[in-house]
Each structure stands twice: as structure tokens, then as C-alpha cells.
Amino acid sequence: MIKRILCVLLCLITALPLSFSAFADGSHGFFMDCDASVVNQQADGFMIDFYSDSAEALCTYWSNANWSMDTSVTEKIMGTTLTGGGAYAGLQIKDAPDDRTGIMSLWRYEYKSRGTGKIEHIYAKALFGKTTTYDNEGSGTSCVMPFDWKSNTWYRQLLLCWTDSETGNTFIGTWFYDYDADKWTLFAYYNTFLQRSFIKGGIGQFLENFSESKGALYRSFRYRNIYFLSHQNGNWVSSPKVNLRSDGNPKAFGEAKLGVSDDGTYVWASVDGKSSVDTDHTLSVKPTLVQPDSPAYGKPEIAELSVRDNGSVRWKMAENSTPQLSYKLTVTDENGKLLRSRSATRPETVFLSLDKLNTDVYKCTLTVTDVFGQTAEKTFLSEGYKALSEKVDPPATEPAAKNENGKFPVLPVAIGGAVAVLAIAASVAMVVVKRKKKR
């Protein structure tokens with residue numbers, strides 16, 4: 001009996017550390033790679049659609065884009081080599097089901113100064129979004145902010161880089177599109193302090209349980225509609241080939257599953273941390289998804305534009321407009337003379353404070369270019385400009401109606417001709433009467 005008790009206790013003692021160790025490593029994760037060979041490994045943008053039905057997946061990070069930037073031009077200008085870098089952006093659920101955030105993080109670059117020989121760093125700076133620095137899994141800057149995204153809803157995430165017209169530096173930002181609401185949201189964008197840079201190589205995704213204590217939860221995702229914006233020709237190119245796999249970590253726990261939808265339009269993956277099945281081997285699929293050759297998106301639309309004589313200008317994009325990337329504003333007088341002009345690649349700017357116009361007669365024209373290179377225009381006329389236009393423009397006259405043959409009537413000409421004929425006839429008659437009297 002004593003031996004049996006000792007054996008049971010020994011088994012329990014042996015089993016406890018294994019159980020704790022498995023739980024401490026959390027649930028299984030997933031990784032996916034997108035094929036950038038369709039744009040020769042050089043892209044100015046990336047788009048992917050994301051969906052998750054795991055509403056209670058606390059402490060979960062869905063990284064929808066992990067990428068690196070090209071530094072070759074910057075290194076040539078600086079005369080040194082940059083190391084480090086890298087970035088990721090996506091969505092999270094933190095410590096409660098409604099504690100939802102977006103995230104965009106860029107690691108710093110390190111280089112040796114040519115002048116001093118000391119190790120220096122380049123930190124990207126967020127121009128829209130709250131910037132924090134971090135020193136975990138590398139060092140860099142990060143925007144982690146509340147973002148009210150919903151489970152069981154498709155979202156599109158757009159990653160875009162461009163050359164800023166004011167600084168000449170490469171900026172990079174991310175936007176989210178809510179399919180249900182038909183609405184775009186700018187999340188954050190950065191000044192990378194790199195020159196003529198772009199997204200280099202492929203872009204990956206991952207699903208991560210970042211708190212060991214929340215490992216025993218269900219997590220999932222779906223991905224579809226994957227496109228790269230070619231750095232070489234500026235076209236959006238379909239990238240349907242993906243490589244999706246589970247981590248196969250024997251220390252993690254839970255049942256991992258992955259696959260492709262019946263119609264072939266999306267890949268999916270899930271892990272159930274409460275399942276008695278433990279998937280300790282790697283699962284993988286390498287499908288070619290069914291998707292259009294070019295992405296579908298809407299149009300830019302300026303809903304409102306207002307200007308005051310003191311030079312303040314405000315505008316508002318329509319609720320369902322594609323998002324603004326840059327703007328150009330011109331103010332002219334009644335003769336077309338340019339009074340003011342402003343332009344910039346600033347996606348968040350919807351207010352400008354110009355110098356006082358010193359006239360109440362002006363015309364303001366705003367042109368917005370969206371993230372897809374499309375333009376929208378709206379004009380504002382001051383009351384003085386409208387009044388002057390009404391005085392100068394002649395009153396409108398109603399055009400003559402056409403007859404049933406589609407020709408304008410010739411009645412006035414016919415009447416004029418008849419009058420002339422009658423006058424000639426009267427003259428002839430008078431001559432005849434005079435001759436008769438003479439006889």
C-alpha cells in the first residue's frame with residue numbers, strides 16, 4: 001500500500017511541472033508569408049483583408065503585416081551601413097473583450113557615425129498617432145492606440161509608403177477599412193527618416209498569444225484579397241499565393257487547425273486552448289487563392305469646403321470616401337490672379353490657416369488625391385465673388401425651339417421675304433396705273 005501511494009505521489013510530482021510548463025508557453029501560434037515576387041520584391045503598398053470570430057481571445061495579437069524597408073539610398077547618402085529595422089502592424093485584444101487596439105511599430109536602425117565612429121540610431125517618428133518607445137524584442141517606436149474593431153467583421157488593412165513633398169523623407173502609414181460600415185480610418189503614419197525607400201521583400205503575418213495566463217482560449221483568423229503596390233510601375237498587383245503554417249511548438253498547447261475556404265477565396269486558422277488534443281507538429285497549406293486581378297475600392301469625395309476672409313480653410317471628406325493622402329489648395333481673385341496656394345502630403349490635414357486675404361472677392365479650389373491616386377475637387381466662392389459674377393454675366397436667353405425636323409423655324413425670314421415681295425408688287429401696280437392715266 002505504501003509503495004502504491006509513493007508511486008502515485010511521484011507521478012503527480014512529475015506531472016505538475018510538465019503541466020505548468022505547457023501552460024506557461026501559451027497556445028499555438030500561426031505564421032503566413034505573402035508572395036512579393038509579383039512586384040519584384042519592391043512595393044510601395046500592401047493590402048490584405050482580415051477577419052476573426054474569436055471575440056473572447058484576450059491577450060491576442062493579429063499582425064497583418066510584418067515587413068522591412070529598403071535602406072540602400074540612405075546608406076549611400078550617409079556613407080555607412082544601417083542594421084536593424086523591420087516593422088509590423090495589426091490588431092489586438094488586450095485584457096478584456098472590449099479592450100481593442102491597433103498597433104504599428106517600427107524598429108530602430110543602428111549605424112556607425114563616419115565623423116565620430118560612435119554607434120548612432122535612427123528612430124522613426126509618428127506624425128499621426130501616439131508615439132512610445134520600446135526596448136522589448138528590439139528597440140524602436142510604436143503606436144498602440146484604442147481602435148474599436150469588431151469580431152465577425154471583415155476589415156481591410158492598407159500599408160502605404162510615399163515620399164513627403166516637404167521633407168523628401170519616406171513616410172509610411174496604415175489605414176483600416178470596415179466593410180460593414182463602408183468606412184476608412186487612418187490609424188497612424190511615420191516619418192522613417194529614410195530616403196527614397198520602399199517595402200523590401202515579402203510581407204508576413206502572425207497570430208500570437210502574448211500572455212501565458214490567457215493561453216487556454218480560442219483564437220482564429222481569415223485572410224483574403226492580397227495585393228502589392230508595385231514600386232516600379234505604381235500598379236496594384238494580385239498576390240494570391242500564400243504559405244500558412246502553425247508553429248509546431250511542443251511546449252505550447254491546444255488543438256491547431258488551418259485550411260482553405262470551400263470557394264478558395266480565403267485561408268483560415270484557429271487554435272482551441274481548451275481542447276484535449278495537443279497539436280505538437282507543424283501544419284501547413286500553400287494555396288493559390290481565388291481573387292480579382294485588381295483590388296476594388298471606392299472614390300474620393302469632398303463633402304464640405306468652407307473659407308473665411310481671415311484665411312481659415314476647412315474641409316471634410318464624405319463618410320464613405322476613400323482616404324485622403326495629399327491636398328492642393330489655391331485661392332484666386334475675380335481675374336484669376338493667384339492669391340494663396342498650399343499643398344502637402346498630409347493625410348490627416350483638413351484645416352489650414354492662411355494669411356488674411358484682404359479681399360471679399362475670391363475663389364477657392366481644393367483638390368484631394370486619395371491613397372489610390374484618384375482625385376476629387378471642390379470649389380468655394382465668396383459672397384463677393386458670387387455677386388460680381390451675377391453682374392458681369394449677361395441674362396440668360398431662352399434658345400429658339402426646333403421644329404419637328406430638328407431645324408430652327410425660318411418663319412421670320414419668310415415673313416420678311418413676303419413683305420419685300422408685296423412692296424415690289426405695289427410699286428409695279430402704281431407704275432401701271434400711272435401709264436393708264438396718261439393714255
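Structural remarks
- Failed condition for Tyr61, given (1) in contact (Cβ under 8 Å) with a residue 12 or more places away in the chain; (2) under 25 Å from Gly273 (Cα atoms); (3) out of contact with any Ser or Thr (no Cβ under 9 Å at 6 or more places or on another chain); (4) surrounded by fewer than 18 Cβ atoms within 10 Å (Cβ to Cβ): (4)
- Flag for Thr133 being hydroxyl-bearing (Ser, Thr, Tyr), loosely packed, with under 13 Cβ neighbours inside 10 Å and over 26 Å from Ala344 (Cβ atoms): yes
Here is a yes/no grid of residues against (1) in contact with a Phe, Trp or Tyr (Cβ under 7 Å, 6 or more places away or on another chain); (2) under 20 Å from Met69 (Cα atoms); (3) modelled with pLDDT of 95 or more; (4) charged (D, E, K, R):
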residue	(1), (2), (3), (4)
Gln157	yes, yes, yes, no
Glu166	no, no, no, yes
Asp178	yes, no, yes, yes
Phe193	no, yes, yes, no
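- Condition met for Tyr111 (of a type in the set (Ser, Thr, Tyr) and under 21 Å from Phe147 (Cβ atoms)): no
- Residues in the stretch 126-140 that are farther than 18 Å from Thr185 by Cα and either among the aromatic types (Phe, Trp, Tyr) or at pLDDT 95 or above (or both): Tyr134 only.
- Taking the criterion of being small (Gly, Ala, Ser) and assigned to a loop (DSSP other than H, G, I, E, B), the residues of the stretch 126-154 that qualify are Gly129, Gly138, Ser139, Ser151.
- Meets criteria (part of a loop (DSSP other than H, G, I, E, B), out of contact with any helix residue (DSSP H, G or I) (no Cβ under 9 Å at 6 or more places or on another chain) and surrounded by 13 or more Cβ atoms within 10 Å (Cβ to Cβ)) for Pro292: no
- Hits in the stretch 74-87 (condition: hydroxyl-bearing (Ser, Thr, Tyr) and surrounded by 16 or more Cβ atoms within 10 Å (Cβ to Cβ)): Thr74
- Cβ-Cβ contacts under 9 Å between residues 6 or more apart (or on different chains), taken from a first residue in the stretch 119-134 that is acidic (Asp, Glu) to a second residue that is surrounded by fewer than 13 Cβ atoms within 10 Å (Cβ to Cβ) and not in a strand (DSSP E or B), are listed as Glu120/Ser113.
- Selected residue [surrounded by fewer than 20 Cβ atoms within 10 Å (Cβ to Cβ), small (Gly, Ala, Ser) and modelled with pLDDT of 95 or more] from Ser113, Ser151: Ser151
Yes/no per residue for (1) in a helix (DSSP H, G or I); (2) loosely packed, with under 10 Cβ neighbours inside 10 Å; (3) basic (Lys, Arg); (4) modelled with pLDDT of 55 or more:
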| position | (1), (2), (3), (4) |
| --- | --- |
| Ser341 | no, no, no, yes |
| Val361 | no, no, no, yes |
| Thr365 | no, no, no, yes |
| Gly373 | no, no, no, yes |
| Ala376 | no, no, no, yes |
| Lys386 | yes, no, yes, yes |
| Ala401 | no, yes, no, yes |
| Ala418 | yes, no, no, no |
| Arg435 | yes, yes, yes, no |
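- Leading residue by the ranking (modelled with the lowest pLDDT) among those in the stretch 301-319 that are outside any strand (DSSP E or B) and farther than 17 Å from Pro347 by Cβ: Asp309
- Here Lys257 passes the criteria (1) among the charged types (D, E, K, R); (2) within 16 Å of Gly215 (Cβ to Cβ); (3) part of a strand (DSSP E or B) except the one numbered (2).
- Test: residue in the stretch 332-351 that is closer than 25 Å to Glu166 by Cβ and touching a Gly at 6+ places or on another chain (Cβ under 9 Å): yes
- Output for the stretch 318-338, where each listed residue is crowded, with 19+ Cβ neighbours inside 10 Å and more than 20 Å from Leu159 (Cα to Cα): Leu329, Val331
- Of all residues in the stretch 22-39 being of a type in the set (Phe, Trp, Tyr) and modelled with pLDDT of 90 or more, the one that is farthest from Tyr88 (Cα to Cα): Phe30
- Filter pass, Gly298 being part of a loop (DSSP other than H, G, I, E, B), of a type in the set (Gly, Ala, Ser) and over 17 Å from the mean Cα position of the chain (by Cα): no
- Strands (runs of 3 or more DSSP E) completely within the stretch 53-113 that count 3 or more residues being farther than 20 Å from Gly168 by Cα and in contact with a Phe, Trp or Tyr (Cβ under 7 Å, 6 or more places away or on another chain): 60-69, 87-93, 100-107
- Pair list, Cβ < 8 Å and 6+ apart or interchain, from the stretch 75-93 residues that are in the same structural domain as Leu158 (by TED's automatic domain parsing) and touching a residue at least 24 places away in the same chain (Cβ under 8 Å) to residues that are surrounded by 14 or more Cβ atoms within 10 Å (Cβ to Cβ) and in a helix (DSSP H, G or I): Thr81/Glu75; Leu82/Thr74; Leu82/Glu75
- Only a single criterion out of (1) of a type outside the set (Phe, Trp, Tyr); (2) modelled with pLDDT of 95 or more; (3) surrounded by fewer than 22 Cβ atoms within 10 Å (Cβ to Cβ) is not satisfied by Thr71, namely (3).
The values are calculated or read from the model by the stated rules, or taken from the named source; none is laboratory data. Since we're looking at a predicted model, the values are computed, not measured. Cβ sites come from the backbone with ideal geometry, for glycine too, and all protein chains shown count toward neighbours.
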